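Undergrad: Structure below; questions to follow.
The values are calculated or read from the model by the stated rules, or taken from the named source; none is laboratory data. Worth saying up front: this structure is predicted, and the values here are computed from it rather than measured. A quick note on method: Cβ atoms are made from the backbone with ideal geometry, for glycine too, and the neighbour counts reach across all protein chains shown. Side chains included, ligands, DNA and RNA excluded: accessible areas come from the protein's heavy atoms. Shrake-Rupley method; radii C 1.70, N 1.55, O 1.52, S 1.80 Å.
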Amino acid sequence: MQTEHNIRSVIKTFQMNALGGKKIPHGVSNPVFRYDENGNLIISAFVYTYSAEELRSRSVKRPSKWMAINVQTGEFIAEYDCGEKDFCTASVEAMCDLNAETDTKYSPEYTNQTLAIFDLVLRKYLKTGKFDKELNDAYMYMMLNMVSKGFKEFYRQLNNV
C-alpha cells in the first residue's frame with residue numbers, strides 16, 4: 001500500500017530510529033536512494049557518532065550505521081551496523097573531515113530546492129515505477145554542495161543507483 005510521504009517525513013523517521021532512539025551524540029545524513037541486495041529501491045541514510053573533542057577537532061569517525069526506509073510506504077525497515085553489513089569500502093577506522101570545501105553559505109531557498117528535487121524523484125517513482133537517475137543526479141549534485149568534504153564519498157557509495 002502506498003502512502004503519502006516526502007523527504008521531510010523520511011528525515012523525521014530516520015531521526016526517530018537512529019541508534020535505536022538512544023540519546024548518544026550523533027548525526028544523521030540526508031536521505032539518498034539506494035538499491036538493496038535484492039535490487040529493490042529503498043531510501044537510506046547513514047549515522048555517525050561523535051564526541052565533543054571530535055567536534056572541536058572538526059574530525060569525526062566514519063559512519064557506524066546506516067538505515068533503510070521502504071520507498072513505497074515510507075516505513076522504517078532496519079538499522080544496520082557497518083561492522084556487519086557495510087555500504088562502503090572505507091576502513092571502519094576512517095575519520096571524516098567536517099570542514100566545508102568552500103565558504104559558500106547556502107540559502108534556505110537552495111536547501112528547499114534540493115529537498116524538492118528528492119520529492120520529485122520519489123513521486124515520479126511512486127507514480128510510474130521508474131527511477132529517474134538524471135533527476136537523482138541533480139539532487140545528489142545540489143545536496144553534496146552543502147555537505148562537508150569528509151562525508152561526500154559516503155553519500156556517493158550509499159547512493160548506489
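Undergrad: Compare Ala94, Ala52, Ala116 in a GNM of the chain, Cα atoms joined below 10 Å, and give the one with the largest fluctuation.
TA: So, out of Ala94, Ala52, Ala116, the one fluctuating most is Ala52.
Undergrad: Give the longest segment of the chain that steers clear of GluC sites (Glu not before Pro) in DSSP loops with at most 13 neighbouring Cβ atoms within 10 Å, not counting the sites themselves.
TA: Maximal segment without exposed cleavage sites: 102-161.
Undergrad: Specify which residue in the list Asn70, Tyr141, Val10 is farthest towards the positive end of the charge dipole of the chain, using unit charges on the beta carbon of Lys, Arg (+1) and Asp, Glu (-1), about the Cα centre.
TA: Val10
Undergrad: Determine which residues of the stretch 38-65 fall in the zone a paramagnetic label at Leu126 would reach in this model, i.e. backbone nitrogen under 16 Å from the point 7 Å along Cα→Cβ.
TA: Answer for the stretch 38-65: 41-44.
Undergrad: Among (i) 49; (ii) 18; (iii) 22, only one was calculated for this model; which label is it, if the read-out is percent of Cα pairs over 28 Å apart?
TA: Label of the calculated value: (ii).
Undergrad: Please determine, in degrees from 0 to 90 and to the nearest 10, the orientation of helix 133-145 with respect to the longest principal axis defined by the Cα atoms of the chain, where the helix direction is its Cα long axis.
TA: 30 degrees
Undergrad: Roll a 1.4 Å probe over the protein heavy atoms and report the accessible area of Arg156 in Å², nearest 10.
TA: Answer for Arg156: close to 120 Å² accessible.
Undergrad: Ignoring ligands and nucleic acids, what accessible area does Leu55 show with a 1.4 Å probe (Å², nearest 10)?
TA: Accessible area, nearest 10 Å²: 70 Å².
Undergrad: Moving on to the next point. Under 18 Å from a point placed 7 Å out from the Cα of Ala52 along the Cα-to-Cβ direction: which residues of the stretch 13-29 have their backbone N that close?
TA: Label zone hits: 23-27.
Undergrad: Using a Gaussian network for the chain with springs between C-alpha atoms less than 10 Å apart, which of these wobbles most: Thr114, Thr49, Thr128?
TA: The residue with the greatest mean-square fluctuation here is Thr128.
Undergrad: Taking all protein chains in place and a 1.4 Å probe, what share, in percent, of the accessible surface of the chain do carbon and sulfur account for?
TA: The computed percentage sits at 50.
Undergrad: I'd like the accessible area for Met146, computed on protein heavy atoms only with a 1.4 Å probe and all protein chains in place. Round to 10 Å², please.
TA: 70 Å²
Undergrad: Here's another thing I want to ask about it. So what is the accessible area of the chain per residue, in Å², with the probe set to 1.4 Å?
TA: Normalised by residue count, the accessible surface of the chain is 56 Å².
Undergrad: Let me confirm the definition first: pairs of Lys residues in the stretch 24-161, 8 or more apart or on different chains, C-alpha distance under 18 Å. How many are there?
TA: Qualifying lysine pairs in the stretch 24-161: 8.
Undergrad: Per DSSP H run of n ≥ 4, the term is -39500 (n - 2.57); total these for the chain, divide by its residue number, and report the mean residue ellipticity at 222 nm rounded to 500 deg cm²/dmol.
TA: Dividing the helical sum by the residues of the chain leaves -11000 deg cm²/dmol.
Undergrad: R0 = 45 Å: FRET efficiency of Glu93 with Asp137, Cβ-based, nearest 0.05?
TA: Given R0 = 45 Å and the Cβ-Cβ separation, E is 0.90.
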